[in-house]
């Protein structure tokens, strides 16, 4: 049986305690397999961003397990999680989060260099990633010399550099116009078709439609989608 | 929608016979709105009566070619140059269902909304797959029209859900 690249098992995340406790996620189970793009939708406060930060090892669940490529993130400890973020997990943010003082190539090679890769190998991998996203010619540009769409492509290159198989995208098109946003989704889709597992948090149904599956969160709970599942089953 | 203007716009590009017009219409609009051949011929005869087209020579296969008159050309220009009127909205089964569902007993409206949202999302995913394969700009724009309409429906469903919850919260207080 195929094992998921990302697996959340009965994950809850509670902020605060007692009367003031906020249940951001309640007993959520979620999987993303290699080759699929899963969209997560829900209103503000539904828990979709919490799900993504837990999957990315940026936060820890109150209970339950988050497993990435077979590694339990909680058991891995802070150091282990940081290492996974440099090697296995790619994160794409709405506002790109590129380092302004570094060129596109340097931004992309940074996670590999931080992970101890020789500089030359890291640069070569960065060049490959930038080429794959069609922006090899922008390698020496600084973020403020690029359009939003170009910066987001650099951010995706940074997220995929070095054979990472889990891409987490938090509203990656939020700051872009509709046509540029679509280019970004096309790229994410292509990465997943090439074997990555992608999780896309979005509030735009049009963008969620690029995914193979759409998961709806409400008040920290995954909405039961049994009926939709049956429809799909009947069609097959 | 009457196909009158679509046929005139096609004839502005070159003279065509009825069946050719039907094929061209469907081809250019990605087969989204199938056209009945009878509808093409009745429209053509009306256009001829109104002096917007003339039925001219027949081609080597005996097809009668229609071409635009000067008045027809002016009509096409006027059509492209003016906004499509927002007519009386068609009956929307989903909106009617929710409006009536609000006061129905033993009905879980949230469940109805989620079921519809899933179904509309499935349609949106299908349109998206078609769009990814599209190589013709016209086809892409037609598919975009379907995509944006489906998206609007999902957004509206999200809004209905939020409104329902707010109303329920108020009732509890």
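The values are calculated or read from the model by the stated rules, or taken from the named source; none is laboratory data. What you are looking at is a predicted structure, and each value in this text was computed from that prediction instead of being measured. Note that we place each Cβ from the backbone using ideal geometry, even for glycine, and neighbour counts take in every protein chain shown.
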Odd one out for residue A:133 among (1) more than 10 Å from every other protein chain (Cβ to nearest Cβ); (2) modelled with pLDDT under 90; (3) surrounded by fewer than 19 Cβ atoms within 10 Å (Cβ to Cβ): (3)
Segment B:124-158, subset surrounded by fewer than 17 Cβ atoms within 10 Å (Cβ to Cβ) and within 8 Å of chain A (Cβ to nearest Cβ), residue nearest to residue A:43 (Cα to Cα): B:155
Residue B:98 vs. criteria outside any loop (DSSP other than H, G, I, E, B) and under 24 Å from the mean Cα position of the chain (by Cα): yes
Filter pass, residue A:101 being in a loop (DSSP other than H, G, I, E, B) and loosely packed, with under 15 Cβ neighbours inside 10 Å: yes
Residues being surrounded by 15 or more Cβ atoms within 10 Å (Cβ to Cβ), within 16 Å of the chain's Cα centre (by Cα) and part of a loop (DSSP other than H, G, I, E, B) - total across segment A:61-98: 6
Qualifying residue in segment A:163-175 (condition: surrounded by fewer than 19 Cβ atoms within 10 Å (Cβ to Cβ) and closer than 20 Å to residue A:204 by Cβ): yes
Breaking point among (1) on the phi > 0 side of the Ramachandran plot; (2) not assigned by TED's automatic domain parsing to the domain that holds residue A:114, for residue A:134: (2)
2 or more residues modelled with pLDDT under 90 and out of contact with any helix residue (DSSP H, G or I) (no Cβ under 9 Å at 6 or more places or on another chain): qualifying helices (runs of 4 or more DSSP H) within segment A:148-236: A:226-235
